[in-house]
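The values are calculated or read from the model by the stated rules, or taken from the named source; none is laboratory data. Bear in mind the structure is a predicted one, so any value in this text is a computation, not a measurement. Every residue, glycine as well, gets a Cβ built from its backbone with ideal geometry; the counts of neighbours run over all protein chains shown.
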Amino acid sequence: MVEEKEKTKWVMTDGSELIIESLVRAGANAYVNYPITPSNWLNAFALKRFPFFMPAPDEITTLQWLCGMAAAGKIPVTATSFPGYALMIETMNEVYMMELPMVIILVQRLGPSTGSATVGAEGDLLVMNGTISGGFQFPVFSISSFEDCWNIPPKALKTAVELRTPVVILTSKEMIMTSRSFDLEKLHAVEPVKMKYFTGEAPYKPYKPNEDLIPEFLPVGNEQHQVRINSSTHDHAGMIKKATPEAIGNSLRLQEKIEKHIDSYSIYTFIEAPESETLIVTYGITSEACRESVCRCGKSGKGVSLLILNTLIPLPKFVIETMNSYRNVIVIEENSQANLVRYIYGVNLPTNVKKMNAFGRMITPSEIMKEIASCR
Amino acid sequence: MQIDFLAKKKMPYCPGCGHHASNLNLAKALEKSGYNLLDVIIVSDIGCSGLIDENMACHTVHGLHGRVVALATGIAYALANKNKKVIAIQGDGGATIGLQHLLVAARRNVNMTLLVLNNNVYGMTGGQLSGLSNTSLKEKILHDEAYYPPFDITEMAYQSGAVYASKIMAKGEFSDKLGEAIKTEGFSVVEIIGPCPAYAYNSIKEMMELGYEEKVLTNTRPFVAPQFYERSSLFDSKNAIERQFSAKISNKLSILLGGSAGEGVQLAADLLAQAGLSCGLNNTKKGEYPITVGTGFSLAEVIMSNDPIYYTGIEKADVAIVTSQDGWEMVKSRVNEFTKLFVDETIDTGTVDYGVKLPFREKVGRKSAVLCAIAYWMSHSGVVPVDALVKTFAGHKHEEKLLEAVNTGISM
Ligand code: SF4
Ligand SMILES: [Mg+2]
């Protein structure tokens, strides 16, 4: 009997290429870009792959164009880094209030300010949680492995479309500018997202929520029903209103819908080491160093549990439950101000939680091994 | 059948406000235009001019202050349909803060019409001066500002490429003047001068004395609609690398390559990683160089491993190949006596006294020195077969040159 050879396609590829290809396969169709290091590889691939690609003159314009495109039914994407994102914040609020889908890939770099464009860092989580006035939240995902570059973007896009919300994917230079050997045949098939349009009877109220707390969408320019899209406080009809109960309720619903569906987009990896009293919690580029350290610990017979977060905002319930159940928790992240720790605990760090951080460089597996050893 | 573009009869503006006339004339112009209600999208800014949405029966989008032209641009791009009409409306304040969006939309000839309702002040926030405020008003409100003349938004739009740019006074019936802009294919703008009785001029009659000159400026240029393309997968153009060789590495090998910009360091690293892949190894490769890519150092890191690679940094280099002084400065702190070090003999390695020094640059030139040194290391160590490296550049446009570098390295 002749053994059938497994089909493979081994290539060198990088995270940027996987992210762009997976997004287009998932249904993203418009990309606008203003160049900023270290996001430029994404833009270079988007130019070759997206059905619509246009260079904008600045980041405010970028997001405004995308917002307009989303209002007319496109599924838009852009990539930037902190200085660009800072300019986008007002429009992020607009997109959020208008309830339009959008994916922003934020390739983090060393700040504050312009910082160092080519030095990796992951310090923008607190900006994500503070983007929307009033402390409202939108889903924020983080890429923690090469495989995530393929799997997370379609999930983020689906969440953006289904929940009618902007979403951010956090990543950093080392993740998207490192190439790797990879078997393309091992990639999961990507299901294209389906835009669901309102098909009910008139009158159409553009912000009247269904039982999932999500209003059913129709693009501007459609020939069935008048659509009113509004960035100011508005009622179900999309008309500007001050603090009327309906308008206030409409704004409050924005957070409620994000929380209501959290289980549908909570993504994390939990590798449990039996009998371990130590748990490592991490996200982003540091996940790889943590994985390596945990593998080394496992080989030496002293296993350590590892929790890698892909959904950072809102925080999956499982995260706190798990962190509370360990005697020692080390939260490891590549920023100086312990963004994740501050996001979860504020200034009140529980006694079982330690933080481990680095500024302007990757945290190495040896350092992590040392930290783990110090807990024992 | 007469289409009524007005959703209601009672307007929200102060009595005597110029926006009232602009709103009514716009509705009338649309009624005469032949567009159906749901073919028109009104995109409005923040400010009193932005109160227009609720008065209109077509699609409406209400955005941020000053960004309406960019927002409308996105809508026009997405629709890419000549039978749909996108109309943006902003005041002189919005036009000031969003000036670039206006110029960009004119330059790009976006298929839309912009109405700038210029009443010389920020009405909604209490009558502050804008970039379009008239000198006489500045003398009254903030004298020193009178030294700086206002923007002529109509001229600026025209200069930036607007197909149709006009300045009109909000006096009497002017729907046909708006109609001219609305029927334009490409970018059209109408600056409508009108009063804000609450904070600036009381009536259009008063504004007639200010010296505004009604005008129509046109550019002849083709309208090019934005395109949506069917594009093929990024993977289609990638050639699969056959895993046909074998390497002799025990576990993991971290390799640093250091040289100068333009010396082929990144290409050599790519080829090295592909060679590793053709031996069935897991590989990562990353590059580092200054922002000015054409000068200074060029550093590459390649990891080869039998096991999956998680952490892609190099804590300690197993092999370091350095062919220029710039490269050495970046590499020197990352090697130790356990590193297999190969450096060009022109490099001053200071106190580092281990490693092999050879004339790679002299033998093959600066652009091939790294590849030559890689071939030297490969052939002498036997870790990865040189054939695997040679295979990676078969058919490359510089194949001959690359081969010469490899062969020289082997023979050294
Ligand atoms: S404040 Fe001025 S611009 Fe605003 S509605 Fe009143 S008159 Fe018109
Ligand atoms: Mg004004």
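Of the listed requirements (1) out of contact with any strand residue (DSSP E or B) (no Cβ under 6 Å at 6 or more places or on another chain); (2) assigned by TED's automatic domain parsing to the domain that holds B:Glu185, B:Ser44 misses just one: (1).
All of (1) within 16 Å of ligand 1 (Cβ to nearest atom); (2) within 22 Å of A:Val227 (Cβ to Cβ); (3) at pLDDT below 95 hold for B:Asn81 with one exception: (1).
The set of residues from the range B:1-55 being within 18 Å of B:Ala88 (Cβ to Cβ), away from ligand 2 (no atom under 16 Å from the Cβ) and in a loop (DSSP other than H, G, I, E, B) comprises B:Phe5, B:Tyr35. Here is the figure for the range B:59-110: residues that are at positive phi and away from ligand 2 (no atom under 15 Å from the Cβ) total 2. Close contacts from the range B:110-128, counting a first residue that is without any contact (Cβ under 8 Å) to a residue 60 or more places away in the chain and a second that is part of a strand (DSSP E or B) and of a type in the set (Val, Ile, Thr), with Cβ to Cβ under 8 Å and a gap of 6+ residues or different chains, come to B:Gln128/B:Val121.
Of the residues making up the range B:66-107, those that are hydrophobic (A, V, I, L, M, F, W, C), more than 8 Å from chain A (Cβ to nearest Cβ) and assigned to a helix (DSSP H, G or I) are B:Val68, B:Val69, B:Ala95, B:Ile97, B:Leu99, B:Leu102, B:Leu103, B:Ala105, B:Ala106. If I ask for residues that are at pLDDT below 95 and not aliphatic (A, V, I, L, M), which ones from the range B:222-235 would you list? Within the range B:222-235, B:Pro222, B:Phe223, B:Pro226, B:Gln227 qualify. Under the condition of being closer than 19 Å to A:Arg25 by Cα and within 13 Å of chain B (Cβ to nearest Cβ), the residues counted in the range A:147-188 number 11. If you go through the range A:170-186 and keep only what is touching a helix residue (DSSP H, G or I) at 6+ places or on another chain (Cβ under 8 Å) and of a type in the set (Gly, Ala, Ser), you end up with A:Ser179, A:Ser181. When the range A:236-254 is filtered for residues that are touching a Lys or Arg at 6+ places or on another chain (Cβ under 9 Å), small (Gly, Ala, Ser) and outside any loop (DSSP other than H, G, I, E, B), only A:Ala247 remains. Among all residue pairs at least 6 apart or on different chains, which show Cβ distances below 7 Å where the first residue, located in the range A:19-40, is within 11 Å of chain B (Cβ to nearest Cβ) and the second is among the basic types (Lys, Arg) and assigned to a helix (DSSP H, G or I)? From residues that are within 11 Å of chain B (Cβ to nearest Cβ), the pairs are A:Ile20/A:Arg49; A:Glu21/A:Arg49; A:Val24/A:Arg49; A:Pro38/A:Lys173. Kindly indicate whether any position in the range B:148-159 is within 15 Å of ligand 1 (Cβ to nearest atom), of a type in the set (Val, Ile, Thr) and in contact with a Gly (Cβ under 9 Å, 6 or more places away or on another chain). No: the range B:148-159 contains no residue that is within 15 Å of ligand 1 (Cβ to nearest atom), of a type in the set (Val, Ile, Thr) and in contact with a Gly (Cβ under 9 Å, 6 or more places away or on another chain). B:Lys167 falls short of the stated requirement of being assigned by TED's automatic domain parsing to the domain that holds B:Lys138, free of Cβ contacts under 8 Å to residues at least 60 places away in the same chain, within 16 Å of ligand 1 (Cβ to nearest atom) and not β-branched (Val, Ile, Thr).
All conditions in (1) crowded, with 23+ Cβ neighbours inside 10 Å; (2) away from chain B (no Cβ under 13 Å); (3) in contact with a strand residue (DSSP E or B) (Cβ under 6 Å, 6 or more places away or on another chain); (4) not in a strand (DSSP E or B) hold for A:Ser144, with the sole exception of (2). Just to be sure, is B:Lys316 buried (at least 19 other Cβ atoms within 10 Å of the Cβ), under 28 Å from A:Thr282 (Cα atoms) and within 14 Å of another protein chain (Cβ to nearest Cβ)? For B:Lys316, the condition - buried (at least 19 other Cβ atoms within 10 Å of the Cβ), under 28 Å from A:Thr282 (Cα atoms) and within 14 Å of another protein chain (Cβ to nearest Cβ) - is not met.
Quickly run through the range B:118-168 and pick out the residues that are among the small types (Gly, Ala, Ser), assigned to a helix (DSSP H, G or I) and modelled with pLDDT of 95 or more.
At the first step, the residues of the range B:118-168 found to be among the small types (Gly, Ala, Ser) are B:123, B:126-127, B:130-131, B:133, B:136, B:146, B:157, B:160-162, B:165-166.
Remaining after also requiring assigned to a helix (DSSP H, G or I): B:136, B:146, B:157.
Passing the criteria: only B:Ala157.
Scanning the range A:60-118 for residues that are touching a Pro at 6+ places or on another chain (Cβ under 6 Å), at the interface with chain B (Cβ under 8 Å from one of its Cβ atoms) and outside any helix (DSSP H, G or I), we see that the one that is nearest to A:Asp212 (Cα to Cα) is A:Gly73. Using the structure shown, decide if A:Thr286 is assigned by TED's automatic domain parsing to the domain that holds A:Ser305, of a type in the set (S, T, N, Q), within 27 Å of A:Ile363 (Cβ to Cβ) and touching a Cys at 6+ places or on another chain (Cβ under 8 Å). For A:Thr286, the condition - assigned by TED's automatic domain parsing to the domain that holds A:Ser305, of a type in the set (S, T, N, Q), within 27 Å of A:Ile363 (Cβ to Cβ) and touching a Cys at 6+ places or on another chain (Cβ under 8 Å) - is not met.
Residue pairs whose Cβ atoms lie under 7 Å apart, separated by 6 or more positions or on different chains, with the first residue in the range A:196-211 and crowded, with 17+ Cβ neighbours inside 10 Å and the second among the small types (Gly, Ala, Ser), are A:Lys205/A:Ala237; A:Pro206/A:Gly238; A:Tyr207/A:Gly238. Within the range B:10-31, residues that are within 14 Å of chain A (Cβ to nearest Cβ) have Cβ atoms under 8 Å from residues that are within 13 Å of ligand 1 (Cβ to nearest atom) in these pairs: B:Pro12/B:Leu51; B:Pro12/B:Asn55, counting only partners at least 6 apart in sequence or on another chain. Within the range B:196-224, the set of residues being surrounded by 14 or more Cβ atoms within 10 Å (Cβ to Cβ) and either within 14 Å of chain A (Cβ to nearest Cβ) or within 16 Å of ligand 2 (Cβ to nearest atom) (or both) comprises B:Cys196, B:Pro197, B:Ala198, B:Tyr199, B:Ala200, B:Tyr201, B:Ile204, B:Met207, B:Leu210, B:Tyr212. Given the criteria within 21 Å of B:Gln244 (Cα to Cα) and surrounded by fewer than 18 Cβ atoms within 10 Å (Cβ to Cβ), does B:Gly365 qualify? No: the conditions fail for B:Gly365. Condition test on B:Glu180, is it assigned to a helix (DSSP H, G or I), modelled with pLDDT of 95 or more and under 23 Å from B:Ala70 (Cα atoms)? When the stated conditions are applied, B:Glu180 passes them. Which of the residues belonging to the range B:36-58 are in contact with an Asp or Glu (Cβ under 9 Å, 6 or more places away or on another chain) and without any contact (Cβ under 8 Å) to a residue 24 or more places away in the chain? If the condition is that a residue be in contact with an Asp or Glu (Cβ under 9 Å, 6 or more places away or on another chain) and without any contact (Cβ under 8 Å) to a residue 24 or more places away in the chain, then B:Leu38 is the only one that fits.
I'm checking my understanding of the structure. Among residues of the range B:231-257 that are under 30 Å from A:Phe53 (Cβ atoms), facing another protein chain (nearest Cβ under 7 Å) and charged (D, E, K, R), which one is farthest from the chain's Cα centre (by Cα)? Once the filter is applied, the top-ranked residue is B:Lys238.
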